[in-house]
1. Explain nothing, just the number: dipole magnitude of segment 102-196 about its Cα centre with +1 on each Lys and Arg Cβ and -1 on each Asp and Glu Cβ, in debye rounded to the nearest 20.
2. Please report the antiparallel percentage of the DSSP beta bridges confined to segment 265-424, to the nearest 5.
3. Where does helix 153-173 land angle-wise versus the long Cα axis of the chain, in degrees 0 to 90, nearest 10?
4. Whole-Hz ³J(HN,Hα) for each residue in segment 251-259, computed from phi via Karplus 6.51 cos²θ - 1.76 cosθ + 1.60 with θ = phi - 60°, x for glycine and proline: what do you get?
5. Calculate the FRET efficiency for Arg256 and Lys212 from the Cβ-Cβ distance with a Förster distance of 25 Å, rounded to the nearest 0.05.
6. Once you put a point 7 Å from the Cα of Ser147 and another 7 Å from the Cα of Val355, both along the Cβ direction, what distance in nm separates them?
7. Would you please report the Å³ per residue occupied by the convex hull of the alpha carbon atoms in segment 102-196?
8. Take each of the peptides 364-373, 5-14, average the number of other beta-carbon atoms within 10 Å over its residues, and list them starting from the highest.
Amino acid sequence: MVRAIVGANWGDEGKGKITDMLAEQSDIIVRFQGGSNAGHTIINDYGKFALHLLPSGVFYNHTTSVIGNGVALNIPYLFNEIKSLEDRGVPTPKILVSDRAQILMPYHVDFDTYEEERLGGKAFGSTKSGIAPFYSDKYAKIGFQVSELFMDEADLREKVERVVEYKNVLLKNLYNKEPMNPDDIFNLLMEYKEMVAPYVADVSLFLHNALKEGKTVLLEGQLGSLKDPDHGIYPMVTSSSTLASYGAIGAGIPAREIQDVVTVVKAYSSAVGAGAFVSEIFGDEAQELRVRGGDGGEFGATTGRPRRMGWFDAVATRYGCRMQGATEVALTVLDVLGYLDEIPMCVGYEIDGEVIKDFPVTYKLEKAKPVFKKFKGWKCDIRGIKNYDELPAECKAYIEAIEEEIGVPITMVSNGPKRHDIIYRTSDLSK
Ligand code: GDP
C-alpha cells in the first residue's frame, strides 16, 4: 500500500517527524518533489538532523530511501548529506536515485540568485537553491536527466553546448555576468556520473515490484498545499507540485495506488517567503510564538531565517486538506500553545465587507482580513501525555474545533518534537 505524507499549510508542519515515525512500519520512503530548498528536522536516538534531500526514513535499517524522478537532484548535496549521517554513526542507508530524476546544476543556483537580485524589492524570497530555474529548464526541455549521464559522451557533449549557448545569452545580456564554458559543465557532469552511479535505478519498476510483493511505501512531500504552483498562492509558490496527487507522478506509480493521505496540519501558522498570509501576527505576540515554536524556535532549517507567524487558519487549512485529498490529519506542535490564556483561530476571511469560508485566488486573498474566534487556553505542558482522554478539556475543545472546521478526522496529535511524542486517536496507525 502507498501512504502519502503531505502538508496542508505553507510547509514546516512537521512532516519530517511524522514520516520518521511512520517509516518505522514501512519498507520504502520516497521523496517525490522539490529539492534541497526546504528541510525536515528530525530528532531520534542518533541526535538531531536537518535533512534536505534524503527522505526522513534514512535512520532505519529496514527501509529503502528513494529519490524519485520529481525531485530536483543536487548531487554534491546528496553526497554530503549521506556523509554527514555516516560521520555521526547512522548505519549507511540503502538509497536509490531515479534514472529519470533531473540534475540541479550550480548554474541553477546562480540564476536563482541573479534573478532575486534583479527583482530587488519584488523578489520572491527564494532560498536561492536553484529550484525555479531548475524546474523551468526541465519543462523547457533543457535539463539533464540522470540517465543522460550514461548516454554516448559525444551526444551529451553536444547537448551541453546547446544548453550553455542559450544560458550564456542570458548571463551576458540580462545579468551582466561571465559566460560559462561548456567543457567545465561537461566535466562536472562526468564527476556527477561517478558520484551517483552506485545509486541509480529504474525506480518506477522497483516500486511496481515492491507493491506487487505487498510492501508499504511512504511518499514524503515537501512544503504544503498553499505553496503548490497551481493551487497555492501563485506566484509566491514553489516550482513543483506539493500535492499528494503529484506523488504518483514524482515517484512513478499509478495514482490509484495512493490509498492513504496523511495530511500534516500545524496547530498555529508559520510561513517563509513573501505572499499573502491572512492570519499573520506581528511584533511581540509573533516573537513569543516564534521563539516557543517547533523545537527551538521557528527559524528556517535551510536558511536560519525567522519564519512569519500566525494563528491557525481554518479557511486555508480546510482548502489545503481538500487539495491534498486528506484521508486523515496529523495535528502537530500543539504543545507549543500551552502558554496562551486565549488562542485565536481564523475562521473566515473578510473581503470587501463580505465574510467568506472558501480559500480564494491570490488577488482576493491579498485583500482578506482575518475573522478570529477565540478559544480558552489550557495553560499547561501537554508533552508526555499518551492518551487523548488525558488532555485538558480546553485542549480537546481546540482540537475538535479544528477537526470540525477542516472536516477530516484528526487521527494523530503530536505533542512534542520526538518520535514518540504522539497521541493516536481513531486510526490503526499505532498498531
Ligand atoms: P517539515 O518540513 O514539515 O518536516 O517541518 P520542519 O522540520 O521544518 O518543522 C517542524 C519543526 O517542529 C521541527 O523543528 C520539529 O522538530 C518540530 N516538531 C515537529 N512536531 C512537533 C511537535 O509536536 N511539537 C514541537 N514542539 N515541535 C515539533
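The values are calculated or read from the model by the stated rules, or taken from the named source; none is laboratory data. Note that the structure is a prediction, hence the values are computed from the model and not measured. Cβ coordinates were reconstructed from backbone atoms using ideal geometry, including for glycine residues, and neighbour counts include every protein chain displayed. Calculation scope for accessible area: heavy atoms of the full protein, side chains included, ligands and nucleic acids excluded. Shrake-Rupley method; radii C 1.70, N 1.55, O 1.52, S 1.80 Å.
1. Dipole about the Cα centre, nearest 20: 480 debye.
2. Taking every DSSP beta bridge within segment 265-424, about 75 percent pair in antiparallel fashion.
3. That works out to roughly 70 degrees.
4. Running phi through 6.51 cos²θ - 1.76 cosθ + 1.60 with θ = phi - 60° gives 9, x, 10, x, 4, 5, 6, 7, 9 Hz.
5. 0.95
6. About 5.5 nm, to one decimal.
7. 92 Å³
8. 5-14, 364-373
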